[in-house]
Amino acid sequence: MRYAIYFTPRQDEPLARIAANWLGRDPFGAAARPVEAVAELSAAEVAFHTASARRYGFHATLKAPFGLAPNETEASLREALDNFAEVTSPVVIPRLVVGQIDGFFALVPEAPLPPLNGFAGEVVRAFDRFRAPLTEAEIERRSPDSLKPDEFRNLCQWGYPYVFETFRFHMTLSGRVGPQESPRLRAAIDSLFADVLPHPVPVDALTLFVETEPGAPFMVLSHHALGRRPARKTA
C-alpha cells in the first residue's frame with residue numbers, strides 16, 4: 001500500500017468534473033467511465049493518450065507516492081494532515097494554462113508563483129517522516145542515470161526528484177506524446193478546458209490518495225481543507 005499527498009479540486013468543481021471526463025476516471029470513489037471523443041480525437045485516441053494518467057487521477061503532486069515508515073500509521077498520517085492544514089493558508093493560482101513537460105500535457109501555472117513553490121516545499125518537509133526509505137529497486141525504477149545531480153540528490157533524500165528548486169506544479173492530462181500527434185492533442189485539450197482555465201484556482205486543500213496494491217488506481221482517502229476550518233473527509 002502506498003500513499004500520496006496531492007492537490008486536486010473538490011469533486012463537484014467544474015475543473016475536476018471536466019478532468020475526470022477527459023481521463024475516464026474520478027478518483028473520489030467513482031467507477032471508471034468511458035472516455036468520449038473530443039474535437040478531432042476519437043474516443044479510442046483519447047483513451048490511449050490518457051491511459052498512464054488515468055491510474056493516478058487528476059492531481060498535482062506535492063508529496064509523491066510513498067510507503068509508510070514503520071513507526072507511522074494511516075491514522076497518524078491523517079491526523080498530521082489535519083494539523084498541518086489547520087495552520088496553513090491557501091495559495092491561489094491566478095490562471096492555469098495548457099503546457100507540455102517532457103512530452104506529456106498538463107495544466108501548469110501561467111507564470112512563476114513563488115508562494116506555491118514554497119507551499120509545496122513545506123509539504124515535502126512536513127510529511128517526510130511518514131515516508132519509508134526508497135529501496136534500491138524503487139530508485140532504479142526512477143532511471144537515476146537520466147537525472148541531473150540535484151534531481152538524483154532529491155530522489156535519495158526526499159523520495160522524489162522534483163522538489164524544492166526542481167519542483168514544477170503540474171496537473172497531468174496525458175502520457176508522452178510525439179511531435180506528430182501533439183498539435184491534435186493540444187487542440188482537443190484546449191477546446192475541452194477553454195471555459196474553466198480563465199478562472200483562478202485556489203489550492204485550498206491537501207488530498208490524501210491511496211494505492212491499495214501495486215498497480216491499483218490511486219483513490220482519494222481524505223480531503224483536508226487549508227485554514228482554520230474542519231477537514232472534509234471522504235472515507
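The values are calculated or read from the model by the stated rules, or taken from the named source; none is laboratory data. Just so you know, these numbers come straight off a predicted model, no measurement behind them. Neighbour counts are summed over all protein chains in view; Cβ atoms, including those assigned to glycine, are modelled from backbone coordinates with ideal geometry. Ligands, DNA and RNA are stripped out before the accessible areas are found, and what is left, the full protein with its side chains, is counted by its heavy atoms. Shrake-Rupley method; radii C 1.70, N 1.55, O 1.52, S 1.80 Å.
A few notes on this one:
- Within the stretch 20-33, tally of residues that are aliphatic (A, V, I, L, M) and under 13 Å from residue 51 (Cα atoms): 3
- For the stretch 205-221, the tally of residues that are assigned to a strand (DSSP E or B) and under 15 Å from residue 56 (Cα atoms) stands at 8.
- The residue list 77, 81, 147 contains one member that is touching a His at 6+ places or on another chain (Cβ under 7 Å) and within 24 Å of residue 214 (Cβ to Cβ), which is 81.
- Pair list, Cβ < 8 Å and 6+ apart or interchain, from the stretch 167-178 residues that are free of Cβ contacts under 8 Å to residues at least 60 places away in the same chain to residues that are open to solvent by less than 40 Å² (accessible area, probe 1.4 Å): 167/120; 167/121
- Qualifying residue in the stretch 23-36 (condition: open to solvent by less than 40 Å² (accessible area, probe 1.4 Å), in contact with a Pro (Cβ under 6 Å, 6 or more places away or on another chain), within 26 Å of residue 202 (Cα to Cα) and among the aliphatic types (A, V, I, L, M)): no
- Candidate set: the stretch 39-75, residues that are among the aliphatic types (A, V, I, L, M) and open to solvent by less than 20 Å² (accessible area, probe 1.4 Å); chosen: the one nearest to residue 9 (Cα to Cα): 60
- Residues (at pLDDT below 95, among the aliphatic types (A, V, I, L, M) and in contact with a Lys or Arg (Cβ under 7 Å, 6 or more places away or on another chain)) located in the stretch 90-146: 101
- Residue 217, sole failed condition from (1) more than 21 Å from residue 101 (Cα to Cα); (2) open to solvent by less than 50 Å² (accessible area, probe 1.4 Å): (2)
- Residue 85 being within 16 Å of the chain's Cα centre (by Cα) and not in a strand (DSSP E or B): no
- Qualifying residue in the stretch 103-123 (condition: in contact (Cβ under 8 Å) with a residue 12 or more places away in the chain, touching a His at 6+ places or on another chain (Cβ under 6 Å) and hydrophobic (A, V, I, L, M, F, W, C)): yes
- Residue 144 meets each of the listed conditions (1) open to solvent by less than 60 Å² (accessible area, probe 1.4 Å); (2) touching a strand residue (DSSP E or B) at 6+ places or on another chain (Cβ under 8 Å) apart from (2).
- Selection of the stretch 147-197 for residues being open to solvent by 40 Å² or more (accessible area, probe 1.4 Å) and of a type in the set (Ser, Thr, Tyr) yields 162, 191.
- Each residue in the stretch 1-18 was checked for being in a helix (DSSP H, G or I) and either out of contact with any His (no Cβ under 9 Å at 6 or more places or on another chain) or open to solvent by 40 Å² or more (accessible area, probe 1.4 Å) (or both), and 4 pass.
- Residue 80 being part of a loop (DSSP other than H, G, I, E, B) and either at pLDDT 95 or above or surrounded by fewer than 14 Cβ atoms within 10 Å (Cβ to Cβ) (or both): no
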